[in-house]
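The values are calculated or read from the model by the stated rules, or taken from the named source; none is laboratory data. Remember, predicted model here, so these are calculated numbers, not experimental data. Heads up, the Cβs are rebuilt from the backbone with ideal geometry, glycines too, and the neighbour counts pull from every protein chain shown. Ligands, DNA and RNA are excluded from the accessible area calculation, which covers all protein heavy atoms including side chains. Shrake-Rupley method; radii C 1.70, N 1.55, O 1.52, S 1.80 Å.
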Amino acid sequence: LGKLTVTENAVAVTLTAPSASKTYDGTALTKTDGVTATGLPAGFTVEATASGSQTDAGSSANVVDDGYVIKDAEGNDKTANFTNVTYVPGTLTVNPKAVTITTGAASKPYDGTALTEGTATIGGLADGESVKLTATGSQTEVGSSNNTYSITWDNADANNYTVTENLGKLTVTENAVAVTLTAP
């Protein structure tokens, strides 16, 4: 009598972890579900999870966890029959969050003293994060300049943010007060 022999399936099966992205919000980005399989015979499915985590702006790998299960059409575990299984990682990407720094504007006629305006605000930080922000602009002579600022990133990381500036103008105008010069 002839032998009927079923060998392990050496066809390449590829398990690919999912990718995901979001804007920075101070919490971790994870994507455990959505692992896909290619190379399985018709009717076969895979049960698999992925693990990875990205909190700060940037990217990292999302990898397929060991412990996947390949099932036939009846739901029976046939994992042991597939020996050529490879993993392809996905990518977890956190994009920087947009914030806007606004400084105040002011104007005055020239009087020989510096014009300053102390308003400086930031909008759009993630919950629970803060910065120290100080308006630093100064204009003494006739003309205009931006009301600049200095920033110290307290418990926030500058790399997690894209800053847009809305800087006020400090303007010193010519003094229109009448000056009378009287000869002796």
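Here are a few things to note about the model shown:
- Taking region 152-184 as the range and being at pLDDT below 95, among the hydrophobic types (A, V, I, L, M, F, W, C) and under 30 Å from ALA114 (Cβ atoms) as the test, the residues that pass are ALA176, VAL177, ALA178, VAL179, LEU181.
- Residues of region 150-184 that turn out to be open to solvent by 50 Å² or more (accessible area, probe 1.4 Å) and not β-branched (Val, Ile, Thr), as a count: 16
- Answer residue from region 1-34, given it is part of a strand (DSSP E or B) and of a type in the set (Val, Ile, Thr) and is least open to solvent (accessible area, probe 1.4 Å) among those: VAL13
- Of all residues in region 110-124, those being of a type in the set (A, V, I, L, M) and open to solvent by less than 40 Å² (accessible area, probe 1.4 Å) number 2.
- Unique match (being modelled with pLDDT of 95 or more and hydroxyl-bearing (Ser, Thr, Tyr)) among THR5, THR83, THR30: THR30
- Highlighted here are the strands (runs of 3 or more DSSP E) found entirely within region 90-184 that include at least 2 residues which are in contact with an Asp or Glu (Cβ under 8 Å, 6 or more places away or on another chain) and over 17 Å from ASP25 (Cβ atoms): 97-103, 106-109, 132-135, 169-173.
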